[in-house]
Each structure stands twice: as C-alpha cells, then as structure tokens.
C-alpha cells in the first residue's frame, strides 16, 4: 500500500535526525502535505490513541487537520517534518475562548521531545491568538505518555468518560477530558 | 431580517398547537428544512445554551445539523414542526460506539414536553442503531431545564469544564459533560 511505503521512507529519513540539530516549528505550507499525511497515517493506523478511523482517506484527514478555523503547524529538523499539530477554537459562539489542540509525532521520532516542544509552542500560540484556556476532549487513559506530558504541562483531568474508547488490544477503556487555563 | 420574520410566523403557528394533538417524531425530510432553520435560528439567537455563533448562516447550520454521519429527526404536531434533534457518533474509530445528540425545541413551544419526548425517542433510536452509550459534550450549567431533564433521563455529570461558556448575561459559566450507557 502506498501509505505504508511512504511511512517506511519517512522512518528512514527520521532516523537520520540527531538531537544536535535545532527543531523548527512553523505554520504548515502546502509543500508539507505529503509529510503530514505520512505522519497522520502512521499515527492513526495503530488505532490506540486517536478516535479516528485507521483507514481514513487522505482527503478526510486533511479536512480534519486543516479545518477552516484551525491553525496547523509542523515541527521539522534539518528539513525533515517530524511532527504536526492543529490548534483551533474548541467550540464556536460562547465557547470560542477555549482552544483545542491535537498533536502527532512521526512514530519513528517518538521519545525525542518533539511532542513537548510542539505543546509548549502551541500554548504560546494559543495565548497569542487570544484564547484563555485549552481543552483536550479525548485523551485515552492508556496513552500514558500523553497523560504524563499533559499533566506536566499543567493540564488537569476535569472529566472521565467511562469506556468511551475501544482500544484495539485492551477493549473498552476510559477517556479523560483535560483542561488548563492560559 | 428574513430570519426574524420567519421565527415570528413560526411562533404564531406554534401557538395554535394544543397538547391534545399527538406528537409525531420521524426522520427529517427536505420539506422540513424551512421549519428546522426557523427553530435552529430561534434557539441559537439567544446565545445562552448552545456554543454556536448566533449569526450562523443557514448553510453552516445545515452542515452542522445534517453532518454526513448524523441522523436528523423532527417532532411535529398537526403538521407543525416544533422540535428537531440530531443523533450521531460522538467520535469516529475507537470512539464510535458512543453516540452524541443535540436537541432544539421551537422557543414558543417550550415547556410542553417536546424535549423529553424527543430525548426518549433519541435514546431508543441510539440503541436501535447499535450505540452503547450517549454523551453530551457541552451542557451549559445555567441551562437548568436541560440539566434537570438529562439527569431525569439517567445522564450523569462526568466532567466539569470551568468557565468554558461565555453566557451573554452571566459571563463565564461552567459547562458539564454528561454521559449514560444505553
């Protein structure tokens, strides 16, 4: 399948990256789209962290990741896109002061601080854009890495959705709603 | 403005309704669209219950109320559409077993049990469609009528979003996430 080949190619380029090179985070450009799709496809394919159909089409993925009121960023090292995040209002109307954000790191680049760097960039961008809080609607309770990171960045669990996620290996697991003011 | 005239006309037709006539709930048809827009416009115009831009266009309202994976219903009495609701998966992928629903009753028809009748119909439809739970993502804490109804129908508050809604008269107020199994 084309997507898998792309992800493999991506993994190879990601392995070339060393921590000595600076991480650059900026708004996504059309030339980043292939890299974003590789990351998106690789992240949702496992089906264990995002409530997104693992077989989502590229068009549907882009409609989600580049929604009309989203700001979409990429994190790159030496020209290789290793992560991407999307920042948007969580709700419209009277809920538009609360932001929402989603983060994806290329599977082969996990554990190198890219998620944290993007999250810190995102909190700063959210403040700059005038949001006064940030909410994560769907943090799967088994995603310990994300949970630890969000708590470390000041987010609190404000809600627990019982059995709201069907984990491919663990069955129905709880989901957290997390929130922090900015 | 056209919308306001439509709502006025609607209010007049709603006042003709008496409780002696049976309430009919069914899937929405294209011929219901004007009535649905009148209700939608009337409900969001107050800006105190839904996190939707009170000035939302008809096209955007329909994109929201008739999303691709939504089932949209109307409640009518003697040919007059008095309420509408939309039922959909709350999330895709591993979250698709949890449903979400939104309800709107024509402002002039409040207090006549239409919301409760639609909610009971909705719970039944959600079970029929195979959902195993229902979640409301954004119940404004000052919306006492809705809160009472949802609690009465077995929903529990599973999350509190602090100050997540800017109420037009009361400023920032909390929002509840409510949940029940089916």
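The values are calculated or read from the model by the stated rules, or taken from the named source; none is laboratory data. Note that this is a predicted model, so its numbers are computed, not measured. Here the Cβ is made from the backbone with ideal geometry for all residues, glycine too, and neighbour counts use every protein chain on show.
Within the stretch A:136-170, the only residue that satisfies the criterion of being free of Cβ contacts under 8 Å to residues at least 12 places away in the same chain, facing another protein chain (nearest Cβ under 10 Å) and out of contact with any helix residue (DSSP H, G or I) (no Cβ under 7 Å at 6 or more places or on another chain) is A:163.
Listed here are the residues, each with its yes/no results for (1) within 14 Å of chain A (Cβ to nearest Cβ); (2) over 24 Å from residue B:38 (Cβ atoms); (3) in a strand (DSSP E or B); (4) at pLDDT below 95.
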residue	(1), (2), (3), (4)
B:62	no, no, no, no
B:82	no, no, yes, no
B:85	no, no, yes, no
B:88	yes, no, yes, no
B:102	yes, no, yes, no
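Within the stretch A:42-59, being over 14 Å from residue A:83 (Cα atoms) and either surrounded by 14 or more Cβ atoms within 10 Å (Cβ to Cβ) or more than 14 Å from every other protein chain (Cβ to nearest Cβ) (or both) holds for A:45, A:47, A:48, A:49, A:50, A:51, A:52, A:53, A:54, A:56, A:58.
Total residues in the stretch B:44-60 satisfying the condition of being out of contact with any helix residue (DSSP H, G or I) (no Cβ under 7 Å at 6 or more places or on another chain) and not in a loop (DSSP other than H, G, I, E, B): the figure is 4.
Looking at this structure, is residue A:75 out of contact with any helix residue (DSSP H, G or I) (no Cβ under 6 Å at 6 or more places or on another chain), at pLDDT 95 or above and either away from every other protein chain (no Cβ under 13 Å) or assigned to a strand (DSSP E or B) (or both)? Spelling it out, it is not the case that residue A:75 is out of contact with any helix residue (DSSP H, G or I) (no Cβ under 6 Å at 6 or more places or on another chain), at pLDDT 95 or above and either away from every other protein chain (no Cβ under 13 Å) or assigned to a strand (DSSP E or B) (or both). Just one of (1) surrounded by fewer than 21 Cβ atoms within 10 Å (Cβ to Cβ); (2) at pLDDT 95 or above fails for residue A:39. It is (1).
Across the stretch A:109-130, not a single residue is classified as within 14 Å of another protein chain (Cβ to nearest Cβ), part of a strand (DSSP E or B) and surrounded by fewer than 21 Cβ atoms within 10 Å (Cβ to Cβ).
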